[in-house]
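The values are calculated or read from the model by the stated rules, or taken from the named source; none is laboratory data. The structure presented is a predicted model; accordingly, all values stated were derived computationally and were not measured. No Cβ is skipped: glycine too gets one built from the backbone with ideal geometry, and neighbour counts run over all protein chains shown.
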Amino acid sequence: MQSKLEEIKIKALENIGKAKSLEDLDELRIKYLSKKGELSLIMQGLRDVPLDLKPLIGKVANEVKGAIENAFLLKKEQLNDAVLFEMLASDNLDINLPGIKFNHGTIHPLNQVVEDIEDLFLGLGYQIKEGPEVESDLYNFEMMNMDKDHPARAMQDSFYITNDLLLRTHTSPVQARSMLEAKGKPIKIICPGKTYRRDSDDATHSHQFMQIEGLVVDKNITFAVFKNTLLQLIRHLFGEEREIRLRPSYFPFTEPSVEVDVVYYNKDGKKGYIEVCGAGMVHPNVLSMGGYDPKKFSGFAFGIGVERIAILKYGIENIRNFYLNDLRFLKQFRGK
Ligand code: FA5
C-alpha cells in the first residue's frame, strides 16, 4: 500500500507539473483529491491494514496528500500569474503616454435657462411649441390686436424683409398660430425661441434676444390662476426669498396686463429692478380672432425674457456676453 501511495504521488506531481491551464488543473484535482479521487479510494483500504502498520501507512498517506495539495496550490498560482501576464501583454497599455484630451462642450447659459423653464412647465402639464422666426405681419401684429396703424407697433420695431414679412419681434405670434391649430380646444403651451427688434443695444437690451411665450386657454381661467403660475415660475427661478414686483402695464393683446420685475443689487450695493416678463389675461379680440368665444373661454399669456433671467441668475453685467462666444465666459457655465 505504501508503494501504491508513492506511485500516486509521483504520477500526480508529474501530471500537475505538466498542466497547461486552470481547467487541466481542476480535472487533476478531481482525479486525485476529490472524495471519489484516487487518494481517497486508497485511504479507504486503510481499514484492512494490520494494526501495527496503520500508523506508518497513515503517516505516509498524509504526507502524500499534503505534497499533492501543495503542488496543486503552487501550480494554480503559476497559472493565474500566466493568465494575468498574458492579459497585460495583450492590452499593451503604456501608462507613460500622455492621455488624449477631449474637449467637452458646455450648454450655453441661455439654453440652460430655457431647459430649466421647460422642465418646470412640462411638469405642470404644458406642451412645448415652436414658431417661425421669419413671421408675417398678420401673426406678429394683426392677430395680436395691433392693426396696421396701431400706435403700440412703435414699441416693437422690427427688421423687415418685405412689407408683410419681418423677423418676429416677440414669441407672441405663436399664440395666434396655436389657437388656430387647436380649433377651439383648450390650450396649455410654452414656446421658446429667438426674437428680433430694432432696439439700441445696451447692458440689458439686444437687437436679437430670446423669449419664452406661455399661453393657457380654457373655460374658467381666472386672474388668480394666472398670478399663481407667474409666482410659481419666479419662485422656481429665484427662490422664495427674492423680492419681485408685479407692475400694471399695457399690451394690446392682454387685458389687464402686468410686467414682472425682479430685484437686483449692483456692484455698489445699490438696489434696482430688472423687468423679466410681460404678461396678462388674453384680450377678448385675440381670443375671437383665434376662433374662441370670449364669453365662454378665457386665458392668460406671458413672454419671458431669457437673457434677463440669465443676467439675474448668474450676475452677468452685460447682455453682450451671451453673444460674444468667448470661451472664457462660456466655460464658467459647465454643469450649472
Ligand atoms: C413682449 O414682448 C410681449 N410679447 C410679452 C407678453 C406676452 C405680454 C404675452 C403679454 C402676454 P416686452 O416687450 O415687454 O413684451 O418683452 C418681454 C420681455 O422680453 C421683457 O420683459 C424683457 O425681459 C425681454 N426683452 C424685451 N426687449 C428686449 C431686448 N431688446 N433685449 C433683451 N430682452 C428684451
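Scan region 290-313 for residues that are away from the ligand (no atom under 15 Å from the Cβ) and surrounded by fewer than 22 Cβ atoms within 10 Å (Cβ to Cβ) and jot them down. Across region 290-313, the qualifying residues are 291, 293, 294, 295, 296. Residues that are of a type in the set (D, E, K, R) and closer than 18 Å to residue 302 by Cα within region 165-196 comprise 168, 177, 188, 194, listed in sequence order. Quick check on region 36-58. Is at least one of its residues surrounded by fewer than 16 Cβ atoms within 10 Å (Cβ to Cβ), among the aliphatic types (A, V, I, L, M) and in contact (Cβ under 8 Å) with a residue 60 or more places away in the chain? No, region 36-58 contains no residue that is surrounded by fewer than 16 Cβ atoms within 10 Å (Cβ to Cβ), among the aliphatic types (A, V, I, L, M) and in contact (Cβ under 8 Å) with a residue 60 or more places away in the chain.
Looking for something free of Cβ contacts under 8 Å to residues at least 60 places away in the same chain and touching a Lys or Arg at 6+ places or on another chain (Cβ under 7 Å) - is there at least one such residue anywhere in region 128-138? Yes, that holds for at least one residue. The residue pairs whose first member lies in region 104-125 and is closer than 17 Å to residue 333 by Cβ, whose second member is basic (Lys, Arg), and whose beta carbons are closer than 8 Å, counting only pairs six or more residues apart or on different chains, are 104/334; 106/331; 106/334; 109/336; 112/336; 113/313. Taking the criterion of being in a loop (DSSP other than H, G, I, E, B) and at pLDDT 95 or above, the residues of region 185-204 that qualify are 185, 186, 197.
Filter region 287-318 for residues that are of a type outside the set (S, T, N, Q), in a loop (DSSP other than H, G, I, E, B) and within 23 Å of residue 192 (Cβ to Cβ) and give the result.
First, pick out the residues of region 287-318 that are of a type outside the set (S, T, N, Q): 287, 289-297, 299-317.
Applying the additional criterion that residues be in a loop (DSSP other than H, G, I, E, B) yields 290-297, 315-317.
Residues satisfying the conditions are 290, 315, 316.
Residues being of a type in the set (A, V, I, L, M), assigned to a helix (DSSP H, G or I) and under 30 Å from the mean Cα position of the chain (by Cα) are entirely absent from region 85-95.
In region 125-139, the count of residues that are at negative phi, of a type in the set (Ser, Thr, Tyr), within 13 Å of the ligand (Cβ to nearest atom) and surrounded by 13 or more Cβ atoms within 10 Å (Cβ to Cβ) is one or more.
From the list 210, 179, 281, pick out the single residue that is part of a helix (DSSP H, G or I) and touching a residue at least 12 places away in the same chain (Cβ under 8 Å). Walk me through how you get there before you give the answer.
On the way: 210 fails: part of a helix (DSSP H, G or I); 281 fails: part of a helix (DSSP H, G or I).
179 is the lone residue from the list that is part of a helix (DSSP H, G or I) and touching a residue at least 12 places away in the same chain (Cβ under 8 Å).
Looking across region 4-22, the residues that are within 60 Å of the chain's Cα centre (by Cα) and in a helix (DSSP H, G or I) come down to 15, 16, 17, 18, 22. Can you spot a residue in region 224-235 that is closer than 29 Å to residue 133 by Cα and surrounded by 22 or more Cβ atoms within 10 Å (Cβ to Cβ)? Yes: region 224-235 contains one or more residues that are closer than 29 Å to residue 133 by Cα and surrounded by 22 or more Cβ atoms within 10 Å (Cβ to Cβ).
Can you tell me how many residues within region 237-279 are touching a Ser or Thr at 6+ places or on another chain (Cβ under 8 Å), within 12 Å of the ligand (Cβ to nearest atom) and modelled with pLDDT of 95 or more? Explain how you work it out, then say what you get.
Initial filter on region 237-279 (touching a Ser or Thr at 6+ places or on another chain (Cβ under 8 Å)): 248-251, 253, 257-259, 274, 278-279.
Then keep just the ones that are within 12 Å of the ligand (Cβ to nearest atom); that gives 249-251, 253, 257-259, 274, 278-279.
Narrowing the set further to residues that are modelled with pLDDT of 95 or more leaves 249-251, 253, 257-259, 278-279.
Total satisfying the criteria: 9.
Note on region 140-166: among residues that are part of a helix (DSSP H, G or I) and within 11 Å of the ligand (Cβ to nearest atom), the one that is surrounded by the most Cβ atoms within 10 Å (Cβ to Cβ) is 144.
Only one of the listed residues (70, 111, 80) is assigned to a helix (DSSP H, G or I), closer than 30 Å to residue 276 by Cβ and at pLDDT 85 or above. That residue is 111. Of the numbered criteria (1) in contact (Cβ under 8 Å) with a residue 24 or more places away in the chain; (2) in contact with a strand residue (DSSP E or B) (Cβ under 6 Å, 6 or more places away or on another chain), the one residue 259 fails is (1).
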